[in-house]
C-alpha cells in the first residue's frame, strides 16, 4: 500500500455537509468533496491486509485496496480502471450504497473503517472531470440483438455489459425517462438526476438504445419482443409495495412512499404527471417503515415544509454497536441515523398501527397505535410481538406514507404474457448463477429475480446475467467474472 502506517496516523473523516437548516431549502446534493490532502489521507488508511475482506463484503467484488493505493499515488486513470473493471456505475454506489464493504473492512475490527464509499465517489467524479469515462463498445459487432426490460440499476448494468461484449442492445422503459429507481425512487438530494443523465449519455454513445414510454405487454407484445430478439433480459424490479390493510385504509391522505417520492422527483425535474398532488406541506406527517425509503420520505417531507414528522417502526430499536450476534465481518443491523433524520424527525420503535381514523369528509385525521414488545430467539432476532397493555393511543396526522418495502414484481402484463414461471415468493424464477427462466432465451436479473434488495446487488445481478446471456449467445464470454482476483488479472 502507498502508506503502510496510514491507518495508525489518520482517523476516519467524512466530507463536510451543508448545514441541515440550509440544505432543506432545496433538493440539491449537499455532501462536499474532500480537499486533496484529506482524500490522500483517507486512502492512506487502507491497510496492507493479508486477506482484504472488503472484497467479499462488496456484492460486486470491488478491488478496493488496489484502487485506494492508486488514489494515494494520485494515479487517477489507474484508480478508475480498477474501479470500473468491477462496477459499471460508481457514481451511483458512491452516493446511495449502504457500503457493506466498510462493514467487512479489516480496520473496522477495532477502529472506524476506511471511508471506501466516499473514495469510490471521488474516483469516478475525478474520472469524469479528466474525460476518462468513455464509450467501451467494440467497433466490430456480434450481430446479436438483445432487449433489456427495465432501466433501473440491474437493467442498465446488463445493457452496459452486453454492449461491451459487442451485442446490439435496446432498453425498454415504461416511464418517460430511463433510470428506474435511480431516477424516480431516489430523491435528488441524495442523487441528482444530472448524474443519471450523464451516465445515460455515455451508454447512448456506446450504441445502446432507450425506448421510453413503452410498457412491454401493453405497448409492445411480450411474445413479439422475444421473437424479434436473440435474448431478452427482464430487469423490471420489485414494484408491488407492501400494504397496510387495516380499518380506514381508504381515507384520503394515505399514500405509498414510492408514489410520494416519484411525484416529487418528477416535480424537481419539471416532468409532467397527471395524478393529484401528494404534498406534506403544513401537515403532520407519519412515515410507517424504518428503512431507507422511509428516510427518503422524511427528507422530502422536510423540504416540502411539513408541520411535524414522525417515523414509526414496528421492530425493536437496533443497537448502536455490533453485538455478539453480529460479529465482524458480517453486515451489522445497527442503528442508522441518516442525513434526513439529522434534518428533523421523531423516531419511534416498537409501534404498531392498528387503525386509520378519519373526519366526516373522509380525510385522515389520526392513527390509532399501540406499543409492542418482541420475543427474541437465541440469536437476538425478533420472533413475535405482544401488545403493551394500556399503551393504545391516537396520534394526530393528515399524511401517512407507507414505506414498508416491496413484495414482488408486477405479474399482470409482461410476465403473464411471456409465460415465465414464478418462484414461491412470486419473483421471476431463475436460478442464481444461471439467470435463465423457463422460457428459452429469456433471462432475469435484479429485484425482479431475487426480491427487494440493494442497488449494489442489482448492479451485480445485471452484470452476472449479462455474462450468462453472452455465454448463451456466443458459447463463451469475454465479460469479467465476479471473482475479483480473476478480474484484476484479466484487466492488468
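For the reader, a short list of remarks on this structure follows.
- Residue within the range 436-448 that is assigned to a loop (DSSP other than H, G, I, E, B), at pLDDT 95 or above and loosely packed, with under 15 Cβ neighbours inside 10 Å present: yes
- Residues in the range 352-367 that are more than 20 Å from residue 307 (Cβ to Cβ) and either touching a residue at least 12 places away in the same chain (Cβ under 8 Å) or outside the structural domain of residue 330 (by TED's automatic domain parsing) (or both): 4 in all.
- Residue identified as surrounded by fewer than 24 Cβ atoms within 10 Å (Cβ to Cβ), under 19 Å from the mean Cα position of the chain (by Cα) and in contact (Cβ under 8 Å) with a residue 12 or more places away in the chain among 140, 200, 126: 200
- Number of the condition not met by residue 229 [criteria: (1) under 27 Å from residue 422 (Cβ atoms); (2) within 24 Å of the chain's Cα centre (by Cα)]: (2)
- Residues that are touching a strand residue (DSSP E or B) at 6+ places or on another chain (Cβ under 7 Å) and either part of a loop (DSSP other than H, G, I, E, B) or surrounded by 20 or more Cβ atoms within 10 Å (Cβ to Cβ) (or both), drawn from the range 1-22: 15
- For residue 210, the criteria (1) assigned to a loop (DSSP other than H, G, I, E, B); (2) under 15 Å from residue 151 (Cα atoms) hold in every case but one, which is (1).
- Unmet criterion (only one of (1) part of a loop (DSSP other than H, G, I, E, B); (2) at pLDDT below 95; (3) under 28 Å from residue 458 (Cβ atoms)) for residue 55: (1)
- Applying the criterion of at least 3 residues that are without any contact (Cβ under 8 Å) to a residue 40 or more places away in the chain and outside the structural domain of residue 193 (by TED's automatic domain parsing) to the strands (runs of 3 or more DSSP E) found wholly in the range 242-350 leaves 308-313.
- Exactly one residue out of 419, 405, 380 is surrounded by fewer than 19 Cβ atoms within 10 Å (Cβ to Cβ) and within 25 Å of the chain's Cα centre (by Cα), and it is 405.
- Residue, surrounded by the fewest Cβ atoms within 10 Å (Cβ to Cβ), within the range 165-184, restricted to residues that are touching a residue at least 40 places away in the same chain (Cβ under 8 Å) and closer than 18 Å to residue 458 by Cα: 184
- Some residue of the range 261-276 being at pLDDT 95 or above and in contact with a strand residue (DSSP E or B) (Cβ under 7 Å, 6 or more places away or on another chain): no
- Residue 183 over 25 Å from residue 475 (Cβ atoms), assigned to a helix (DSSP H, G or I) and modelled with pLDDT of 95 or more: yes
- Considering the range 354-387, the residues that are in a loop (DSSP other than H, G, I, E, B) and at pLDDT below 95 include one that is farthest from residue 399 (Cα to Cα), namely 378.
- In the range 112-123, the residues that are surrounded by 16 or more Cβ atoms within 10 Å (Cβ to Cβ) and assigned to a loop (DSSP other than H, G, I, E, B): 113, 114, 115
- Test: residue in the range 26-47 that is over 30 Å from residue 188 (Cβ atoms), out of contact with any helix residue (DSSP H, G or I) (no Cβ under 7 Å at 6 or more places or on another chain) and touching a residue at least 60 places away in the same chain (Cβ under 8 Å): no
- Against the conditions (1) over 30 Å from residue 149 (Cβ atoms); (2) modelled with pLDDT of 95 or more; (3) touching a strand residue (DSSP E or B) at 6+ places or on another chain (Cβ under 7 Å), residue 390 satisfies every one except (3).
The rows are residues; the columns are (1) in the same structural domain as residue 452 (by TED's automatic domain parsing); (2) out of contact with any strand residue (DSSP E or B) (no Cβ under 8 Å at 6 or more places or on another chain); (3) at pLDDT 95 or above; (4) part of a helix (DSSP H, G or I).
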residue: 136; (1), (2), (3), (4): no, yes, no, no
residue: 139; (1), (2), (3), (4): no, yes, no, no
residue: 151; (1), (2), (3), (4): yes, no, yes, no
residue: 156; (1), (2), (3), (4): yes, no, yes, yes
residue: 159; (1), (2), (3), (4): yes, no, yes, yes
residue: 166; (1), (2), (3), (4): yes, yes, yes, no
residue: 170; (1), (2), (3), (4): yes, no, yes, no
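The values are calculated or read from the model by the stated rules, or taken from the named source; none is laboratory data. Quantities reported herein were computed from a predicted structural model and do not represent experimental measurements. Cβ atoms come from the backbone with ideal geometry, glycine included; neighbour counts cover every protein chain shown.
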